[in-house]
1. For each pair in K640/K673; K135/K425; K160/K647, compute the distance between the two Cα atoms and list the pairs where it is over 31 Å.
2. Among A91, F81, G118, whose Cα sits farthest toward the positive end of the charge dipole of the range 61-125 (+1 at Cβ of Lys/Arg, -1 at Cβ of Asp/Glu, about the Cα centre)?
3. May I ask you to derive the FRET efficiency for K417 and R171 from their Cβ-Cβ distance with R0 = 45 Å, giving the value to the nearest 0.05?
4. For the range 364-422, which trypsin sites (Lys or Arg not before Pro) are in a loop by DSSP, counting at most 15 other Cβ atoms within 10 Å?
5. Among 429-441, 630-642, what's the highest-first ranking by average C-beta atoms within 10 angstrom per residue?
6. Once R0 is set to 30 Å, what does the formula 1/(1 + (r/R0)^6) return for the Cβ-Cβ distance between R6 and T155, expressed as a FRET efficiency to the nearest 0.05?
7. Binned at 5 Å from 0, what are the whole-percent values of the Cα-Cα distance distribution for the range 5-228, short to long?
8. If you place +1 on the Cβ of every Lys and Arg, -1 on the Cβ of every Asp and Glu, and leave all else neutral, what size is the dipole of the range 5-228 about its Cα centre, to the nearest 20 Debye?
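No value in this document is a laboratory result; all are computed from the given coordinates. Owing to the predicted nature of the structure, the values given are computational and were not obtained by experimental measurement. When we count neighbours, we look across all protein chains shown, and the Cβ atoms used for this are built from the backbone with ideal geometry, even at glycine.
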Amino acid sequence: MEYPLRIAEIEVSQSTTDERIVGLFRYDTESGGKKGPSLLIIADIASTLYAYEQLLDALNAAAEQTRALLSGTGIDPMVRFEKLVERLNEAVAGFVEREPSELAWHRINLFIFEVSEGRACVAGIGQLSNVFLQKQHDGTFRNFDLLGSLDMPATIDPKKPFASILCGDLRNGDILFIGTNNFERLRGEIGIIEKLKGLPPITAALEIKQELERRTIPDDFAGVVIAQIATSTRIAESPLITEDRSTSSVEKMRADEKKTEEILSPSISPPKPAMTLVGLWARAKESMRRKSPSTKTKTRKNQKDPVSMASLRGMNAGHGSLLTPTRKRTFFISISLLLILGGSGAWFYSRQRFTNDQKLWNVVFDQATDKKTKAESDLVYGNEERTRAYIAEAKKLLAGLDVKTPERQAAKDGLSKELTDLALKLKREQKVAPIELASTSLGAPDGSLSSPTFKDNKIYAMDTAGGTLIETTILNKETKRYPLPEGTARITSIAAGASSLYLITDAKSMLSFDPKAGTFLQTAWSTKASSTQALALYGKRFYILDALANMIWRYAPVGSGVAQETAYLKQNSSPLTDVAGITSDSNVYIAWNNGAIRRYLSGAEESWSPVTIDPPLQHASGIWTAANTDRIVVSDPIGKRVLVFRKDGQLVAQLLSDTWTGPVAVSGDDAGKKIYVVDGNKLWQVDLP
């Protein structure tokens with residue numbers, strides 16, 4: 001088979017809205033009748049602005065031009081891909097300079113792949129659903145997150161958005177699946193991995209597509225299956241490498257012991273002992289039989305002679321005993337040799353057992369060290385879940401090791417300290433010194449300060465005890481208080497609009513506040529909402545959380561009022577009765593009191609959540625983000641901390657302060673890189689990491 005590489009595309013268009021741009025572009029090369037590398041570009045952009053479509057057009061044109069220039073050059077695949085990525089970076093940089101609209105890079109998930117027989121290279125921005133199934137020698141597969149291995153910076157440089165590349169072998173039997181992010185929440189339901197393992201690549205892609213169409217999910221999907229099919233030509237097999245089993249080192253120790261016993265058995269347990277009392281007695285009898293007749297006669301003659309007998313008695317000659325001095329000497333030498341040989345064998349056996357025990361100890365210690373090394377690597381690349389798992393595995397291995405010698409004790413203590421330091425890095429704790437900006441009136445009960453909101457270099461908060469809106473200028477900390485109109489119900493939430501602040505009450509009324517005039521106006525508003533727990537604004541759209549109706553209502557401003565009410569939520573796995581806060585950057589983020597945080601796009605819940613942190617987030621009281629930041633900020637009153645996540649769910653920092661007793665609400669200034677925290681009826685400012 002000449003071309004064993006197979007590429008099968010998956011495209012399904014069933015969306016009823018236009019809030020995402022999904023694209024799959026493929027370029028095949030052929031030179032001189034020979035198939036060359038294939039280039040693929042996959043895009044999943046959470047916006048429908050025309051600027052993002054123009055960005056894809058610019059990439060498409062650059063890719064087509066560069067591919068044509070590089071085809072048939074015969075250069076190394078990795079060098080060719082580096083030149084291609086360099087050209088695409090130049091195209092994006094030029095587009096950004098010309099484009100007046102600012103691009104929100106955290107909305108862009110865009111990857112470039114170049115695949116050929118036996119080789120694959122990738123570069124990209126963001127994250128896509130992907131799985132790399134690597135075929136093992138025993139016919140099984142190992143799963144990898146290929147795109148997670150790319151070293152992407154936290155902040156995208158518009159002059160070089162594709163900052164790193166990754167190239168590697170694509171061996172026979174390997175399968176790579178890449179798709180838009182909405183595949184992630186359906187991976188288990190439609191059995192993507194099982195289909196890839198059990199079916200030919202084209203058939204697997206067709207079955208995945210048919211399954212999506214059968215479910216009639218109102219969304220657009222784009223993906224590709226890339227597989228290296230086994231060729232008919234026999235390939236020289238590499239030596240089989242298997243992972244160490246947990247009993248392999250013990251089995252080796254027992255084999256070494258058996259071998260030692262076989263070597264020493266002739267000395268420790270001889271089958272025909274020659275140097276024993278029985279052997280000496282046999283030798284004595286044989287000696288008596290071999291005596292000559294003259295000797296016997298002489299002995300009998302001496303026995304009859306009284307003088308000789310007396311003389312012999314005086315000399316204590318032994319009266320004919322077999323244990324002569326020579327034989328006694330031989331007997332003691334034999335016993336000594338036996339003791340020496342037995343002692344040497346016992347020492348050798350004990351030494352061998354210690355050596356084997358040390359080998360087993362070293363194997364387990366090396367495994368723990370390897371887990372620690374992998375944890376360090378995954379921490380660098382932001383794979384915190386795997387980092388945490390590797391640390392746990394290393395600690396478990398280390399706990400099973402004894403400390404019989406000082407060397408073992410020192411080695412174990414050293415590795416244990418390194419794991420502890422790594423766990424501390426994983427927690428990402430930062431001590432901060434917050435700046436106090438404002439507080440409630442004297443004597444106000446706890447919990448009187450709420451709803452911090454930043455607008456135009458000023459931070460606002462609601463003093464529910466005093467019935468006033470507090471305004472603090474950031475630069476000079478000047479504070480003003482604006483009493484609410486008489487008869488105003490309790491304010492439940494505040495959000496900043498283009499020119500005004502909007503305040504909603506628990507009586508389902510809305511006020512607008514003009515910061516320049518310092519006045520309140522009643523906003524015309526008609527709603528189907530049963531309750532108004534929280535308010536968020538994005539652009540010109542209002543999102544109001546209605547816990548009683550288990551719904552989020554979306555509105556648009558009309559004149560001096562708010563209208564065009566639509567039900568936003570289309571899919572939700574959790575009731576809204578215990579919600580702590582809501583925020584939006586076109587996506588909607590909701591935090592629950594139990595610590596859960598979920599993200600919604602076009603009203604549907606996405607398969608997204610922040611990573612598990614140490615200690616776990618068990619209670620959330622507020623949440624904030626904005627369109628022009630890659631950060632999500634959450635307040636945790638039980639943990640007495642403020643958590644900062646990236647929008648891909650990775651933890652950036654746990655902010656701690658000795659002055660905080662339990663942060664209850666947060667806001668932020670994405671341009672000034674500041675966070676505003678309500679804690680203990682006081683308003684604080686800290687830097688946004």
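1. Those over the limit are K135/K425.
2. G118
3. According to the calculation, E is roughly 0.70.
4. Sites meeting the loop and neighbour criteria: K404.
5. 630-642, 429-441
6. 0.20
7. 1, 6, 15, 19, 20, 17, 13, 7, 2, 0, 0, 0
8. 580
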